[in-house]
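Everything on this sheet refers to the single structure shown next.
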Amino acid sequence: ENGYILTAKRLALTGDGTKHTDHPLEYVSENVVQVDDGVFYAKYPLGYPWLCALAYRLGGPTVVFWVNPILAVLAVVGMFLLGRAMINDWAGALAALLLATNPLHAFYGLSALSHTGAVCFAIWGMLFLWRWTQSGGWRNAALAGALTAYACTIRYTEALLFLPVVAMIFWRRNFREVGVMAAAAALVIAPLA
């Protein structure tokens, strides 16, 4: 939490997530990596700090702590829509209820950790991926690529979402719109490079 929130604060105030120290004995937490004398970068990807920095800029430092509760609610809504799209309304309601009552979802939704953001963007990315497999469309492809990629900017392990995306691409076999999906994902991931 320290690394995420302090990185977000630096991003909001300076536009740069880099921590610079003025003195060699200044305290630096273990959530950063030293790349040069007095220059430190967060170990974690910047997707969650970007969201917190946006909240900071829009509403001040206390609004940062609303990011995860909002993402947790959006994840539950997305789960309902995904379950409904894949099966039916009852399945969507059950899936949403299971996620909403999951103690870990509640814990992370009330913390300042990145898990809730990764879950939220993964669910919404999979929703648009499913919609793309069912009806195609440039918009569905772009949103599937962008939202799934943004999950990767929050937690690197979400890169495993590449596997269901590839499976759906070969199932759908609509390779014209895959370029749009890949371009949207590349645009979202590019700032991490």
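Under the classification rounded if a/c is under 1.5, otherwise prolate if a/b is larger than b/c and oblate if not, where does the stretch 1-138 fall, given a ≥ b ≥ c as square roots of the Cα gyration tensor eigenvalues? Prolate, since a/c reaches 1.5 and a/b exceeds b/c. Enter the accessible area of ASP22 (Å², nearest 10), with the probe set to 1.4 Å and all protein chains included. That residue has around 150 Å² of solvent-accessible surface.
The heavy atoms of VAL77 present about 70 square angstrom of accessible area, all protein chains included, probe 1.4 Å.
Give me the angle, in degrees from 0 to 90, between the Cα long axis of helix 178-189 and the longest principal axis of the Cα atoms of the chain, rounded to the nearest 10. Approximately 20 degrees, to the nearest ten. The charge dipole of the stretch 1-93, taken about the Cα centre with unit charges on the Cβ atoms of Lys, Arg (+1) and Asp, Glu (-1), comes to about 380 debye, rounded to the nearest 20.
Placing a pseudo-label 7 Å from each Cα along the Cα-to-Cβ vector at TYR41 and ASN102 gives an inter-label distance of 3.1 nm.
Phi angles across the stretch 114-127 convert, under the Karplus curve 6.51 cos²θ - 1.76 cosθ + 1.60 with θ = phi - 60°, into 3J(HN,Hα) values of 8, 4, 5, x, 5, 5, 4, 5, 5, 4, 5, x, 5, 4 Hz, Gly and Pro given as x. Per residue of the chain, the DSSP helices (runs of n ≥ 4 H) give a summed -39500 (n - 2.57) that works out to -21000 deg cm²/dmol at 222 nm.
The HN-Hα couplings worked out from phi for the stretch 80-94 by the Karplus form 6.51 cos²θ - 1.76 cosθ + 1.60 (θ = phi - 60°) are 4, 5, 5, x, 5, 5, 7, 10, 6, 4, 5, 5, x, 5, 5 Hz, whole numbers, x standing for Gly and Pro. Using a probe of 1.4 angstrom and keeping all protein chains present, the accessible surface of the chain works out to 55 square angstrom per residue.
Here's the picture: charge each Lys and Arg Cβ at +1 and each Asp and Glu Cβ at -1 in the chain, and of THR62, ALA85, ALA100 the one pushed furthest to the positive end of that dipole is ALA85. Note on LEU13 and TRP171: their simple-model spin labels are 4.8 nm apart, each label 7 Å out from Cα toward Cβ. Legend: residues ILE154, ILE87, sorted from most to least accessible area (1.4 Å probe; ligands, DNA and RNA excluded), read ILE87, ILE154. Computed with every protein chain present, the accessible area of HIS20 is close to 110 Å² [probe 1.4 Å]. In a simple Cβ point-charge model (Lys, Arg +1; Asp, Glu -1; nothing else charged), the stretch 120-193 has a dipole of about 180 debye relative to its Cα centre.
Modelled spin-label separation between ALA91 and SER135, with each label point placed 7 Å from Cα along the Cα-to-Cβ direction: 1.7 nm.
A Cβ-based charge dipole, computed about the Cα centre of the chain with Lys and Arg at +1 and Asp and Glu at -1, lands at about 800 debye.
Protein-only accessible surface at a 1.4 angstrom probe places the residues VAL119, VAL188, VAL73, VAL64 in the order VAL73, VAL119, VAL188, VAL64, largest first.
The values are calculated or read from the model by the stated rules, or taken from the named source; none is laboratory data. Since the structure is predicted, the reported quantities are computational estimates derived from the model, not experimental observations. Positions of Cβ are backbone-derived with ideal geometry, glycine not excepted, and every protein chain shown enters the neighbour counts. The protein model used for the area step is the full one, side chains on, heavy atoms only, and it has no ligands, DNA or RNA in it. Shrake-Rupley method; radii C 1.70, N 1.55, O 1.52, S 1.80 Å.
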